[in-house]
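Colleague: The following block contains the structure, expressed as structure tokens.
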Amino acid sequence: MKYREGEPIRDTKAPEGPIEERWEKRKFAARLVNPANKRKLSVIVVGTGLAGGSAAATLGELGYQVTSFCYQDSPRRAHSIAAQGGINAAKNYRGDGDSIYRLFYDTVKGGDFRARESNVYRLAQVSVNIIDQAVAQGVPFAREYGGLLDTRSFGGAQVSRTFYARGQTGQQLLLGAYQALERQIAAGTVTMHARHEMLELIVSDGRARGVVVRDMVTGEIESHLADAVVLATGGYGNVFFLSTNAKGCNTTAIWRAHRKGALFANPCYTQIHPTCIPVSGEYQSKLTLMSESLRNDGRVWVPLRKGDTRPPAAIPDDERDYYLERIYPAFGNLVPRDIASRAAKNVCDEGRGVGPGGLGVYLDFADAITRLGREAVEEKYGNLFEMYERITGEDPYAQPMRIYPAVHYTMGGLWVDYDLQSTVPGLFVVGEANFSDHGANRLGASALMQGLADGYFVLPATIGDYLADARDFGPVNEVSVAEAEIAVRDRIHRLLSVDGDRTADSYHRELGKLMWDYCGMERTEASLTKALERIPELREEFWRKVKVSGTNEELNQALERAGRVADFFDLAELMCLDALHRTESCGGHFRAESQDADGEALRDDEHFAYVAAWEHAPEGPVLHREDLAYEYVTMSQRSYK
Amino acid sequence: MNLTLKIWRQHSPDEPGQMVKYHVKDVSPDMSFLEMLDVLNEGLILAGDDPVAFDHDCREGICGMCGMVINGVAHGEQKATTTCQLHMRHFKDGDVVTIEPWRAAPFPVIKDLVVDRSAFDRIIQAGGFVSVPAGAAPDAHAVPVPKGDADDAFDAATCIGCGACVAACPNGSASLFTGAKITHLGSLPQGRPERASRAKTMVEQMDLEGFGGCTNTGECTAVCPKGISLDVIARMNADFLKASR
Ligand SMILES: Cc1cc2nc3c(=O)[nH]c(=O)nc-3n(C[C@H](O)[C@H](O)[C@H](O)COP(=O)(O)OP(=O)(O)OC[C@H]3O[C@@H](n4cnc5c(N)ncnc54)[C@H](O)[C@@H]3O)c2cc1C
Ligand code: FES
């Protein structure tokens, strides 16, 4: 796949000046819409996770007419619900030296100097308001006996700034946003369409003006129009088939927007989470995360000796290798995810992995149980332990957990400016679907923070500046609506008429395996070149041989899946191209050719301190670079030793 | 192991449904129940048949999307477990397994095992929230919450809205679901100003949707994947009575 260089791109919305004042300045400069006019302005929000749910609720509260969509049967089920560990905020309630500046610093460093300083600073500022908002909504965060909020530590940080609700922080935060959303639905400001999947973006006279959706119960293809469109459709980790994402997570919404002109930034930045339950068989349909919070008290180890098949209890302490504590004494078991994942891969590659196929390492709670008592461990992690036991049939109180890295999060996404607006005017992107704040690696507990920052505080403040001109937008061009609808119908018709002999799932599995092997934890020029050969071949076969049963005019889950897989093929290709062009290693992107003497990721700031924003063009992708400048945090090689 | 499945097939809301028999071979004990159905469906698709429609998403027991009545029990016999977290190691070779959708008038069948649970969303709309617009919140430490209250609120807040409680209840009551939200918010100082009105409007909506009354049979809590206790119903009744006086 060939690409060409295009013009550089720049964020024009972040104000100049001291970093602490930029967000205030931007909010002040953003034009306001008066309440009477807001009622006449309409916004479509696709997605009801933390980002979309909070955005739709807040826009509704402000008085806009909001239409909201999700593919599940209720907005409460967006995959944000599955987040276990917690949410960061620079509250410094512990007085342990935390501050907005430190959260900003940790996030820029954790992201391996590939995120924008202005955005990250704002995120750290807004983080404190999120906790206030959530508590006021009745989110039952963990508390101490004195009635104050409890916190814990997460990877990549030496302070305790992670707020949590047992192992169900995402669920509780999402229910807070969902309830706020339902309140607006009752108030008539938000119209909700559950079981509707967005399949196309409507761009009229250069502006995003609507979406084409499929009613997943009746198959009806509907167009919805508005003055602005917000995508909050989550991450695309399911391109790997096996990931910690929900089965329905997809790239379709952002991919369709990309095809309509939105640049796609850093598609290759993928986060592989170090603590997931290992794969148990061929039929496996998804992977389950064991929260990173477990690394607070669990110790990671493998046998010192290769091929040691003794049960864990029979291996004495001096024959175990607590490799994270050994290699990274400063952070120990709490090194950032990319580092912990690669370390696990390395010890397994050395033949010291445990469990079936040697693809696993131990996460051991024996010391914690001795130190804190079983009850305290149960209080903190009970539901995670139960989940582990349910899936594996093993009791983690009695023997160490087996864990292995799995695809978890995608830092890449649609390119947005400081206002969260994409390169298509009127198309805003929030949450995991955008690329904005995490650089090449996201720190634990920072995605919930970003989703809610975007939805409750940032987007509601910036979208008004765009909508202030809405009177001049004019009517939506009917041809653009008709074209978008025809594109959707054509694609559905094509999928249904192939009538081949392989299911969409089987192609998805094969694509996922290919991505894991060639564009996974470790990438090389050879592997990526190979992937770029194989993906088009497999896609061609897919369009020739896929079998989708049934019709469009019914609830048809085979059809839904096939449509998503088709878009994953195209995205996969762009991911590999992006990974191939970035010959440095950074964060979650590890190019084997670029490592230091200790095997750590080696950045190449001279050539790669930029965001790679890809444009879709018929003759092949066009690369636009956004240069990254660091005024506050000095670029340095990350060290967690 | 090999299993015989008897599955409720219903093409659309208006068509009659029936139980249909299928055989699945070589089921691994490490598979989840839904993975077993995936295997069945892959076969059906290739044969040009309609795969069995069922709701699911997270497959880790938290989104509340999955749910079927397995051998007469909502989410199957394994305690405190959603269908997606049920594993085949709890079945044995030669078993006959019946699989049906949630059955309750307010949850009409859409297709096969998929039902419409939007009534639950409308119950939340009726008052399952704290009225606090974004940006209006005081500092989170302004009001300390006694740990006991926070824990009670949390226990009730773990409800995933799957609807198993309704499916299990002989009266088709949604009291466990509604009581859980009333208890969650009512236990916290932040939720207290609206405590009475919330109980009243939510219970009224529950009745309006056609859910039955609670006669304390306890079937709901027995199948609840999150083990929500019957106490939440007592609390709902108390709050409702107080609000109606
Ligand atoms: C298992 C797990 C654990 C995690 N734990 C943590 C944690 O402890 N801390 C942390 O900070 N982060 C965590 N994360 C990351 C974090 O949860 C997510 O990044 C974040 O919740 C994403 O929120 P979102 O609103 O962007 O998207 P989502 O919550 O995924 O919501 C996407 C929404 O878009 C809708 N949608 C998608 N596609 C379409 C379409 N085509 N048409 C219509 N609607 C569509 C969906 O219906 C859904 O409503 C975790 C992630 C996972 C998977
Ligand atoms: S699929 Fe989410 S709870 Fe079962």
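The values are calculated or read from the model by the stated rules, or taken from the named source; none is laboratory data. Being a predicted model, the structure only gives us computed values, none of them experimental. Every residue, glycine among them, receives a Cβ derived from its backbone with ideal geometry; neighbour counts consider all protein chains shown. Surface areas here come from the heavy atoms of the whole protein model, side chains and all, with no ligands, DNA or RNA. Shrake-Rupley method; radii C 1.70, N 1.55, O 1.52, S 1.80 Å.
Colleague: Working only within segment A:189-222, note down all residues that are of a type in the set (Ser, Thr, Tyr), open to solvent by 40 Å² or more (accessible area, probe 1.4 Å) and in contact with a helix residue (DSSP H, G or I) (Cβ under 9 Å, 6 or more places away or on another chain).
Modeller: Across segment A:189-222, the qualifying residue is only A:Thr191.
Colleague: Also, quick follow-up: Identify all residues within segment B:104-150 that are more than 8 Å from chain A (Cβ to nearest Cβ) and part of a helix (DSSP H, G or I); write none if there are none.
Modeller: Within segment B:104-150, B:Ala119, B:Arg122, B:Ile123, B:Gly148, B:Asp149 meet the criteria.
Colleague: Take the residues of segment B:32-68 that are in contact with a Pro (Cβ under 7 Å, 6 or more places away or on another chain) and within 25 Å of B:Cys169 (Cα to Cα): which is farthest from ligand 2 (Cβ to nearest atom)?
Modeller: Step one: filter segment B:32-68 for residues in contact with a Pro (Cβ under 7 Å, 6 or more places away or on another chain), giving B:41, B:44-45, B:61, B:68.
Adding the requirement that they be within 25 Å of B:Cys169 (Cα to Cα) leaves B:61, B:68.
Details: B:Gly61: 5, B:Met68: 10 Å.
Per the criteria, the residue is B:Met68.
Colleague: Condition first: aliphatic (A, V, I, L, M) and either more than 24 Å from A:Lys547 (Cβ to Cβ) or more than 16 Å from ligand 2 (Cβ to nearest atom) (or both). Now tell me which residues in segment B:11-31 satisfy that. Steps first, answer last, please.
Modeller: Residues of segment B:11-31 that are aliphatic (A, V, I, L, M), as a first pass: B:19-20, B:24, B:27, B:31.
Of everything in segment B:11-31, those that are aliphatic (A, V, I, L, M) and either more than 24 Å from A:Lys547 (Cβ to Cβ) or more than 16 Å from ligand 2 (Cβ to nearest atom) (or both) turn out to be B:Met19, B:Val20, B:Val24, B:Val27.
Colleague: Separate question: Only one residue in A:Ala566, A:Ala572, A:Ala562 is surrounded by 18 or more Cβ atoms within 10 Å (Cβ to Cβ), within 14 Å of chain B (Cβ to nearest Cβ) and aliphatic (A, V, I, L, M), so which one is that?
Modeller: Details: A:Ala566 fails: within 14 Å of chain B (Cβ to nearest Cβ); A:Ala572 fails: within 14 Å of chain B (Cβ to nearest Cβ).
Testing whether each residue is surrounded by 18 or more Cβ atoms within 10 Å (Cβ to Cβ), within 14 Å of chain B (Cβ to nearest Cβ) and aliphatic (A, V, I, L, M) leaves just A:Ala562.
Colleague: Looking at segment A:314-328, is at least one residue outside the structural domain of A:His581 (by TED's automatic domain parsing), in contact with a helix residue (DSSP H, G or I) (Cβ under 7 Å, 6 or more places away or on another chain), surrounded by 24 or more Cβ atoms within 10 Å (Cβ to Cβ) and in contact (Cβ under 8 Å) with a residue 12 or more places away in the chain?
Modeller: yes
Colleague: In this structure, is A:Glu5 under 22 Å from A:Ala265 (Cβ atoms), surrounded by fewer than 19 Cβ atoms within 10 Å (Cβ to Cβ) and more than 26 Å from the chain's Cα centre (by Cα)?
Modeller: yes
Colleague: Tell me yes or no: at least one residue of segment A:18-32 is buried (at least 22 other Cβ atoms within 10 Å of the Cβ) and assigned to a loop (DSSP other than H, G, I, E, B).
Modeller: no
Colleague: Check A:Gln158 against each of (1) within 13 Å of chain B (Cβ to nearest Cβ); (2) open to solvent by 10 Å² or more (accessible area, probe 1.4 Å); (3) within 25 Å of the chain's Cα centre (by Cα) and name the one condition it does not meet.
Modeller: Failing condition for A:Gln158: (1).
Colleague: Moving on to the next point. Residues in segment A:370-381: is at least one outside the structural domain of A:Gly170 (by TED's automatic domain parsing), hydrophobic (A, V, I, L, M, F, W, C), away from ligand 2 (no atom under 16 Å from the Cβ) and open to solvent by 30 Å² or more (accessible area, probe 1.4 Å)? Walk me through it before giving the result.
Modeller: Start the filter on segment A:370-381 by keeping residues that are outside the structural domain of A:Gly170 (by TED's automatic domain parsing), which leaves A:370-381.
Next cut, hydrophobic (A, V, I, L, M, F, W, C) only: A:372, A:376-377.
Narrowing further to those that are away from ligand 2 (no atom under 16 Å from the Cβ): A:372, A:376-377.
Still in the running and open to solvent by 30 Å² or more (accessible area, probe 1.4 Å): A:372, A:376.
Yes: one or more hits.
Colleague: Identify, by number, the condition in (1) touching a residue at least 60 places away in the same chain (Cβ under 8 Å); (2) touching a Gly at 6+ places or on another chain (Cβ under 9 Å); (3) closer than 21 Å to A:Glu282 by Cβ that B:Met88 doesn't meet.
Modeller: Here B:Met88 clears every test but (2).
Per-residue answers, yes or no, for (1) touching a strand residue (DSSP E or B) at 6+ places or on another chain (Cβ under 6 Å); (2) surrounded by fewer than 24 Cβ atoms within 10 Å (Cβ to Cβ); (3) not assigned by TED's automatic domain parsing to the domain that holds A:Thr12:
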| residue | (1), (2), (3) |
| --- | --- |
| A:Ile87 | yes, no, no |
| A:Ser99 | no, yes, no |
| A:Arg102 | no, yes, no |
| A:Gly111 | no, no, no |
| A:Arg114 | yes, no, no |
| A:Asn119 | no, no, no |
| A:Leu123 | no, no, no |
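Colleague: Looking at segment A:176-199, I want the residues that are within 7 Å of chain B (Cβ to nearest Cβ) and have a partner that is surrounded by 21 or more Cβ atoms within 10 Å (Cβ to Cβ) and assigned to a strand (DSSP E or B) with Cβ atoms under 7 Å, at least 6 apart or on another chain. Which pairs are those?
Modeller: Filtered contacts from segment A:176-199: A:Ile185/A:Met192.
Colleague: What is the number of the single condition among (1) part of a helix (DSSP H, G or I); (2) within 14 Å of chain B (Cβ to nearest Cβ); (3) farther than 24 Å from A:Val611 by Cα; (4) more than 15 Å from ligand 1 (Cβ to nearest atom) that A:Asp517 does not meet?
Modeller: Failing condition for A:Asp517: (2).
Colleague: Also: Please verify whether segment B:100-108 includes one or more residues that are open to solvent by 30 Å² or more (accessible area, probe 1.4 Å) and of a type in the set (A, V, I, L, M). So that I can check it myself, show each step before the final result.
Modeller: Within segment B:100-108, the subset open to solvent by 30 Å² or more (accessible area, probe 1.4 Å) is B:100, B:103, B:105, B:108.
Then drop every residue that is not of a type in the set (A, V, I, L, M), which leaves B:105.
Looking through segment B:100-108, at least one residue is open to solvent by 30 Å² or more (accessible area, probe 1.4 Å) and of a type in the set (A, V, I, L, M).
Colleague: Also, I was wondering about something else. Considering each residue of segment A:33-44, count those that are within 14 Å of chain B (Cβ to nearest Cβ) and either under 27 Å from A:Ala447 (Cβ atoms) or hydrophobic (A, V, I, L, M, F, W, C) (or both), and give that number.
Modeller: 0
Colleague: Quick check on this structure: which one of A:Ala257, A:Ala186, A:Ala246 is surrounded by 22 or more Cβ atoms within 10 Å (Cβ to Cβ), more than 16 Å from ligand 2 (Cβ to nearest atom) and outside any strand (DSSP E or B)?
Modeller: Unique residue meeting the criteria: A:Ala257.
Colleague: Taking the condition of being more than 7 Å from chain A (Cβ to nearest Cβ) and open to solvent by less than 50 Å² (accessible area, probe 1.4 Å), how many residues in segment B:152-169 meet it? First the steps, then the outcome.
Modeller: Of the residues in segment B:152-169, the ones more than 7 Å from chain A (Cβ to nearest Cβ) are B:152, B:155-156, B:159-160, B:162-169.
Now narrow it down to the ones that are open to solvent by less than 50 Å² (accessible area, probe 1.4 Å): B:156, B:159-160, B:162-169.
Adding up the residues that qualify gives 11.
Colleague: How about segment A:131-155: which of its residues are open to solvent by less than 10 Å² (accessible area, probe 1.4 Å) and touching a Pro at 6+ places or on another chain (Cβ under 7 Å)?
Modeller: A:Gly147, A:Gly155
Colleague: Of all residues in segment A:52-84, count the ones that are under 30 Å from A:Leu384 (Cβ atoms), among the small types (Gly, Ala, Ser) and either within 13 Å of chain B (Cβ to nearest Cβ) or surrounded by fewer than 24 Cβ atoms within 10 Å (Cβ to Cβ) (or both). Even if it seems obvious, please write down each step before you answer.
Modeller: Looking only at segment A:52-84, we keep the residues that are under 30 Å from A:Leu384 (Cβ atoms), and these are A:52-55, A:57, A:70-84.
Filter again for among the small types (Gly, Ala, Ser), leaving A:52-55, A:57, A:74, A:78, A:80, A:82-83.
Filter once more, so that each one left must be either within 13 Å of chain B (Cβ to nearest Cβ) or surrounded by fewer than 24 Cβ atoms within 10 Å (Cβ to Cβ) (or both): A:53-55, A:57, A:74, A:78, A:80, A:82-83.
Looking only at that region, the number is 9.
Colleague: Same structure again: Could you tell me whether any residue of segment B:195-210 is crowded, with 22+ Cβ neighbours inside 10 Å and outside any helix (DSSP H, G or I)?
Modeller: Within segment B:195-210 (the criterion being crowded, with 22+ Cβ neighbours inside 10 Å and outside any helix (DSSP H, G or I)), the answer is no, since none of the residues qualifies.
Colleague: Would you check which residues across segment B:54-75 are within 13 Å of ligand 1 (Cβ to nearest atom), open to solvent by less than 10 Å² (accessible area, probe 1.4 Å) and out of contact with any Cys (no Cβ under 8 Å at 6 or more places or on another chain) and list them?
Modeller: Selection gives B:Cys63 alone.
Rundown of residues vs (1) open to solvent by 40 Å² or more (accessible area, probe 1.4 Å); (2) within 14 Å of chain B (Cβ to nearest Cβ); (3) in contact with a His (Cβ under 9 Å, 6 or more places away or on another chain); (4) not acidic (Asp, Glu), yes/no style:
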site	(1), (2), (3), (4)
A:Leu263	no, no, yes, yes
A:Asn266	no, no, yes, yes
A:Gln271	no, no, yes, yes
A:Ser280	yes, yes, no, yes
A:Gln284	no, yes, no, yes
A:Leu287	no, yes, yes, yes
A:Ser293	no, no, no, yes
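Colleague: Tell me which residues, restricted to segment B:76-98, are touching a Leu at 6+ places or on another chain (Cβ under 6 Å), away from ligand 1 (no atom under 16 Å from the Cβ) and not in a loop (DSSP other than H, G, I, E, B). Can you show your working first?
Modeller: Here is the first cut: in segment B:76-98, the residues touching a Leu at 6+ places or on another chain (Cβ under 6 Å) are B:76, B:78, B:84, B:95, B:97.
When the remaining residues are screened for being away from ligand 1 (no atom under 16 Å from the Cβ), the result is B:76, B:78, B:95, B:97.
Result: B:Val97, single match.
Colleague: Only one of (1) at pLDDT below 95; (2) farther than 26 Å from A:Ala562 by Cβ; (3) open to solvent by less than 50 Å² (accessible area, probe 1.4 Å) is not met by B:Asp30, so which one is it?
Modeller: Only one criterion is unmet by B:Asp30, namely (3).
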